[in-house]
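Here the structure comes first, spelled out in structure tokens, and everything after it is commentary.
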Amino acid sequence: MKYTRYEWWLPKLLCLIAACALWVYVMNEQNPMVENMYTVPVETRNLDRSLVATNVPSTVKVKVRMSRSDMIYMRADNIKAYVDLAGITDGDYPNTLIHVSVPGDETVVSVTPKTFDLVVDTYAVKTLPANVQIFGTPEANFSVVSNKVTPDTITIAGSSSKIAKADRAVVSVNISGKNKSFTEFDSVNILDADGNTVTGLDIMPSQVKVAVKMKEETKLGNLPIKIETKGEPAKGYKVGKITVTPPVATLTAPISYFENHRTVDLDPIDVTGASKDIQTLVNVPVPTGGSVAVPKVTVKIEIDEA
């Protein structure tokens with residue numbers, strides 16, 4: 001029995017259709033369509049350089065439908081979210097659409113938020129002096145003497161309405177527990193006249209160098225003067241009575257100086273080979289960060305016969 005050409009190809013065609021159906025079934029079972037959520041940054045496109053767009057969301061959440069195999073390679077940076085502002089002038093634009101594009105055959109299921117209320121303002125620039133705001137409690141008996149900011153001026157740029165609100169540039173410096181001068185880098189904060197932070201501005205530089213000079217508090221006090229000798233007198237002689245005039249030093253010094261010293265020690269006087277009394281003027285050492293009322297004292301060393 002012979003088959004006609006049609007009868008010969010019909011089984012082959014049926015097998016091909018069955019194979020295709022089986023392939024589609026397997027792919028749907030083994031590589032199904034899935035959905036995943038991505039957080040995507042929002043770009044501003046085609047805005048005139050003399051304008052500033054405000055209220056634009058920094059990110060949107062995008063739900064994408066794709067095959068499971070495609071999801072393995074999908075990243076948030078493969079998705080683009082943007083606002084097209086071509087031809088826009090300054091003003092308010094409620095319900096502005098956020099556009100989203102995805103690669104390949106992926107499908108955008110939802111965008112959150114999908115629209116927003118856009119405000120477009122003119123671009124402005126302003127310069128403010130940098131002000132240091134000290135806070136915190138330093139170590140006991142210490143205080144801030146001075147501070148220096150580098151650079152001492154701050155440039156801000158952005159929406160003209162926000163620039164108009166900007167009243168001062170503030171650098172906050174914490175001195176809690178400090179007991180010596182220090183240098184650090186701190187962020188700049190822009191405030192309005194009521195002390196509220198003005199956000200959404202470009203701050204240049206955003207950080208500055210602050211040098212803070214600390215000083216310990218001082219007090220006036222008296223300490224006895226102490227002096228010693230070095231060397232040996234001539235043969236047959238010895239060191240006798242030592243008299244210091246005045247015997248007490250009046251000092252203005254850091255409080256810690258008086259806590260750490262019970263006397264003011266003068267440089268020792270050399271009595272090597274002496275056979276008679278010695279009388280000389282001796283400098284009173286000045287405490288660091290302080291002063292002495294009488295800078296020199298008279299010292300008399302009696303040399304007695306042994």
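Go through region 215-226 and report how many residues are at pLDDT 95 or above and either touching an Asp or Glu at 6+ places or on another chain (Cβ under 9 Å) or within 30 Å of residue 151 (Cβ to Cβ) (or both).
Residues in region 215-226 being at pLDDT 95 or above and either touching an Asp or Glu at 6+ places or on another chain (Cβ under 9 Å) or within 30 Å of residue 151 (Cβ to Cβ) (or both): 2 in total.
Tell me the residue from 120, 149, 173, 188 that is out of contact with any Pro (no Cβ under 8 Å at 6 or more places or on another chain), within 30 Å of residue 41 (Cβ to Cβ) and assigned to a strand (DSSP E or B), please.
120
What number of residues within region 134-147 are surrounded by fewer than 13 Cβ atoms within 10 Å (Cβ to Cβ) and within 16 Å of residue 209 (Cβ to Cβ)?
The qualifying residues number 1.
Which pairs turn up if I take residues in region 129-143 that are in a strand (DSSP E or B) and look for partners that are of a type in the set (Asp, Glu) and surrounded by 13 or more Cβ atoms within 10 Å (Cβ to Cβ) with beta carbon separation below 8 Å, at least 6 apart in sequence or on another chain?
142/216
Considering only residues that are among the aromatic types (Phe, Trp, Tyr) and within 53 Å of the chain's Cα centre (by Cα), look in region 233-266 and name the one that is surrounded by the fewest Cβ atoms within 10 Å (Cβ to Cβ).
Result: 258.
Which of the residues that make up region 152-163 are part of a strand (DSSP E or B) and within 16 Å of residue 55 (Cβ to Cβ)? Let's see the steps before the verdict.
Taking region 152-163 and keeping what is part of a strand (DSSP E or B), we get 153-159.
Across region 152-163, the qualifying residues are 158, 159.
If residue 200 meets every condition in (1) at pLDDT below 95; (2) surrounded by 12 or more Cβ atoms within 10 Å (Cβ to Cβ); (3) over 21 Å from the mean Cα position of the chain (by Cα) apart from one, which number is that one?
(3)
When the residues of region 267-306 are narrowed to those that are basic (Lys, Arg) and under 20 Å from residue 248 (Cα atoms), which ends up farthest from the chain's Cα centre (by Cα)?
Once the filter is applied, the top-ranked residue is 300.
With respect to residue 211, is the statement that it is surrounded by 13 or more Cβ atoms within 10 Å (Cβ to Cβ), of a type in the set (Gly, Ala, Ser), under 30 Å from residue 152 (Cα atoms) and under 45 Å from the mean Cα position of the chain (by Cα) true?
yes
Does residue 187 satisfy the condition of being in contact with a strand residue (DSSP E or B) (Cβ under 7 Å, 6 or more places away or on another chain), more than 27 Å from residue 50 (Cα to Cα) and exposed (fewer than 12 other Cβ atoms within 10 Å of the Cβ)?
No: the conditions fail for residue 187.
Quick one: residue 150 ticks every box in (1) out of contact with any Leu (no Cβ under 7 Å at 6 or more places or on another chain); (2) among the β-branched types (Val, Ile, Thr); (3) surrounded by 13 or more Cβ atoms within 10 Å (Cβ to Cβ) bar one, so which box is it?
(3)
The values are calculated or read from the model by the stated rules, or taken from the named source; none is laboratory data. The model shown is predicted, which means the values in this text are computed figures rather than measured ones. Cβ coordinates were reconstructed from backbone atoms using ideal geometry, including for glycine residues, and neighbour counts include every protein chain displayed.
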